[in-house]
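Accompanying notes for the structure given below.
The values are calculated or read from the model by the stated rules, or taken from the named source; none is laboratory data. Quick caveat: nothing in here was measured; it's all calculated off a predicted structure. Methodologically, a virtual Cβ is constructed for each residue, glycine included, from the backbone with ideal geometry; neighbour enumeration extends over all protein chains shown.
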Amino acid sequence: MRIVFVAPKSAWRQALAAESRAAADAGHAVRVVAEENPDWDLTPLDERVEVRWTGATKVSAPEPAFIAVFLRKIPLGVLRAVGRGPLHGPADRLSRWWRRTVLGPLKRRRWPETKRLREAHRRDAVAAAVAAGDFDWLVLHEPQAVELGVHWLPRLLDERPELVTTFSFEPRAEAARER
Amino acid sequence: MNADRHVAVVTPWYPDPQVTYAGAFVKAQVEAVAGGCSDLDVYHLKSWPVGEAGAPLDANPEVLDLHARLLARADAPLATAGGAVLHRVPTLTPRDTAWITHSDASARWLRTFLGGRPLDAPIVHAHVPITGGWAALENAAPDARVYMTEHSSFLADLLDQPAARARYEQVLERADGFFVVGEPLHDLIAATFPRFADKLEYIANPIDFRTARAEAPRSLRRWLSVAALNERKRIDYLLEAFRRCRADDPELTLTLAGDGKLRPALEALAADLGVADAVAFLGSVDPSEVPGLMASHDLFVHTSRHETFGVVVVEALAAGTPVLVSRCGGSDQVLRGIESEAGRLYDVDDDPDVLVAAYLELRERYPEKTDVDAARELLRAKYSYETVAERHFEVWDREGRR
């Protein structure tokens, strides 16, 4: 069968890697809709699995021009220049302090907007990954798969009642009994 | 399987491919009793948090409607321990810390999963009364008997919430049998609800005694901790005590099996203490690997501040490995009467020298003045799969005979 794992936030990476590998082992064609995360190095996806990255973590609310120029580019540029000389240590420490105490709160203030943009991006990425309808089994792998599913899944279920939907890919009881 | 016992197990905790050790003791219970049941179905009500933090569950009805639709068409019975059947029931919960909402959600989604019909088993055994227990009571058939086991380390916090406390009292009232895995839980529940004190009974988590090490450790140099890396387990305390002991014996090593948010800080601490080359951080380990780990070390060291039972202490002795354990509640009960045979208990104290002194005393008398084999046999009689299964059957069958 052709299985699509929908994991727009990839909250449970270890399970996603294990289950998608198991699905490929079982002879299925597997696609995963997942989010980038450095921790994928710890639990890599199987090379037989086709991955559609959402790219949502690269999306951020734009920084206002004033902040970008006067509070980021200029002060950090000056500190970088100073840091090339003998004041390397103090300039480094001051730079870290500036990022933490001045830029950090400003970035946190933009977080609700960033979150909204990322949510929309994930929704679009999932919709694009399932748009062709070239699958016959959907694994809604995490809570956000259900939350984002309200935008496209009810209609798909109406159109394709035979579509298999599950929350995981694990050994079925009947398969175990047959062994 | 026994033709007379048709059982449903309802639990919020059960191992899955993401967290293979979560609720491993529930899976062990299933494995222990499955052979004595005609049918055994496990309903795993794993929490799936949705919505904005603090928003009520029904803030987005479209999500609830879709989930209900998915649950109705997603029953794929899975294979689990002992030939039992596992049903994953993702339980949408709000992102809050109010136990009453999680309790309600557990009952709601199990009902939805069952299509409004009651569980068809005449015997229902639930784990974690506030969620699994309430879901079982609300979905059992009218003539079914519902039992439950409390394991929760967070019970005191839960009982501080008035609505959850009132719900807990209802659960105690309605359950046909109510079990705890250790004295700390017994004492807390009995003190909070004195009128139900007589209803509380003990039931143990089953431990695998099938494999033991070939030879007893010659010296107590290879230390092992199997614990989550969180504040309650006090691994920072362990690292400092280990450093002090290693100053006296540079051949000591320490293996830390378990993971958690404190891992980066603890790795940094090991480096700061100058013991990084003697300490191995293994991260999470699969429950099936634990007996082998226990058998390949010389001493199991436990530094927890509070435990409801002490599964790992019994697992260590089941493998034939001596133990050095804090008096953290559950472990005291487990080792009562066999303290010196099994190893050494020590008081929970912030001074690492308490652990150091306990280690030196144990090292001094090991192995002559210990008897790990005898301790192992005594624990086997209490906690083996066979013993714990018989205890469940006795409980389930005695009501049926009435």
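Checked against (1) surrounded by 15 or more Cβ atoms within 10 Å (Cβ to Cβ); (2) out of contact with any Pro (no Cβ under 6 Å at 6 or more places or on another chain); (3) within 14 Å of chain B (Cβ to nearest Cβ); (4) of a type in the set (A, V, I, L, M, F, W, C), A:V130 passes all but condition (3). Of the numbered criteria (1) within 24 Å of the chain's Cα centre (by Cα); (2) at pLDDT below 95, the one A:V146 fails is (2). Is there any pair linking a residue in the stretch B:156-179 that is farther than 25 Å from B:P142 by Cα to one that is crowded, with 20+ Cβ neighbours inside 10 Å and of a type in the set (V, I, T), with Cβ under 8 Å and at least six apart or on different chains, and which? Once the first residue is farther than 25 Å from B:P142 by Cα and sits in the stretch B:156-179, its partners that are crowded, with 20+ Cβ neighbours inside 10 Å and of a type in the set (V, I, T) give B:L158/B:I130. Please tell me if A:D92 is part of a helix (DSSP H, G or I), acidic (D, E) and modelled with pLDDT of 90 or more. No; evaluated as a whole, the condition is false for this residue.
If you take the residues of the stretch A:1-48 that are outside any helix (DSSP H, G or I) and among the aromatic types (F, W, Y), which of them is nearest to the other protein chains (Cβ to nearest Cβ)? Here the answer is A:W12. Within this structure, B:G274 fails the test of being modelled with pLDDT under 95, out of contact with any strand residue (DSSP E or B) (no Cβ under 9 Å at 6 or more places or on another chain) and farther than 30 Å from B:Q170 by Cβ.
Let's see how each residue does on (1) over 29 Å from A:W12 (Cα atoms); (2) among the aliphatic types (A, V, I, L, M); (3) in contact (Cβ under 8 Å) with a residue 40 or more places away in the chain:
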site	(1), (2), (3)
A:V30	no, yes, no
A:D39	no, no, no
A:L42	no, yes, no
A:R84	yes, no, no
A:R93	yes, no, no
A:R99	yes, no, no
A:R108	no, no, no
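Candidates A:E19, A:E35, A:E47: the one that is in the same structural domain as A:Q144 (by TED's automatic domain parsing) and free of Cβ contacts under 8 Å to residues at least 60 places away in the same chain is A:E47.
Being within 30 Å of A:A128 (Cβ to Cβ), among the aromatic types (F, W, Y) and at pLDDT below 90 is true for just one of A:W53, A:W40, A:W12, A:W111. Which residue is that? Criteria check complete, one pass: A:W111.
Only one of the listed residues (B:R195, B:R246) is buried (at least 17 other Cβ atoms within 10 Å of the Cβ), on the phi < 0 side of the Ramachandran plot, out of contact with any His (no Cβ under 8 Å at 6 or more places or on another chain) and not small (G, A, S). That residue is B:R246. Within the stretch A:48-63, is even one residue touching a Ser or Thr at 6+ places or on another chain (Cβ under 8 Å) and under 23 Å from A:E170 (Cβ atoms)? Checked against the condition, which is being touching a Ser or Thr at 6+ places or on another chain (Cβ under 8 Å) and under 23 Å from A:E170 (Cβ atoms), the stretch A:48-63 yields at least one hit. Do you know which of the residues in the stretch A:84-125 that are in the same structural domain as A:R31 (by TED's automatic domain parsing) and touching a Gly at 6+ places or on another chain (Cβ under 8 Å) is farthest from A:F66 (Cα to Cα)? Across the stretch A:84-125, the extreme among qualifying residues is A:A125. Looking only at residues in the stretch A:155-179 that are at the interface with another protein chain (Cβ under 9 Å from one of its Cβ atoms), over 23 Å from the mean Cα position of the chain (by Cα) and not in a loop (DSSP other than H, G, I, E, B), the one that is farthest from A:D25 (Cα to Cα) is A:L157. In the stretch B:52-170, counting only strands (runs of 3 or more DSSP E) that sit wholly within it, the ones holding 3 or more residues that are within 14 Å of another protein chain (Cβ to nearest Cβ) and surrounded by 17 or more Cβ atoms within 10 Å (Cβ to Cβ) span B:85-88, B:91-94. Restricting attention to the stretch A:135-151, does a residue exist that is within 14 Å of chain B (Cβ to nearest Cβ), touching a strand residue (DSSP E or B) at 6+ places or on another chain (Cβ under 9 Å) and free of Cβ contacts under 8 Å to residues at least 40 places away in the same chain? Yes, the stretch A:135-151 contains a residue that is within 14 Å of chain B (Cβ to nearest Cβ), touching a strand residue (DSSP E or B) at 6+ places or on another chain (Cβ under 9 Å) and free of Cβ contacts under 8 Å to residues at least 40 places away in the same chain. Scanning the stretch B:41-51 for residues that are more than 7 Å from chain A (Cβ to nearest Cβ) and either closer than 19 Å to A:H151 by Cα or not β-branched (V, I, T) (or both) turns up B:D41, B:Y43, B:H44, B:L45, B:K46, B:S47, B:G51. If we scan the stretch B:370-387, do we find a residue that is farther than 30 Å from B:H125 by Cβ, without any contact (Cβ under 8 Å) to a residue 12 or more places away in the chain and not in a helix (DSSP H, G or I)? No - not one qualifying residue is present in the stretch B:370-387.
Against the conditions (1) under 22 Å from B:V356 (Cα atoms); (2) out of contact with any strand residue (DSSP E or B) (no Cβ under 6 Å at 6 or more places or on another chain); (3) surrounded by fewer than 19 Cβ atoms within 10 Å (Cβ to Cβ), B:G292 satisfies every one except (1). Pick from B:L256, B:L238: which is outside the structural domain of B:T97 (by TED's automatic domain parsing), assigned to a strand (DSSP E or B) and touching a Ser or Thr at 6+ places or on another chain (Cβ under 9 Å)? Answer to the selection: B:L256.
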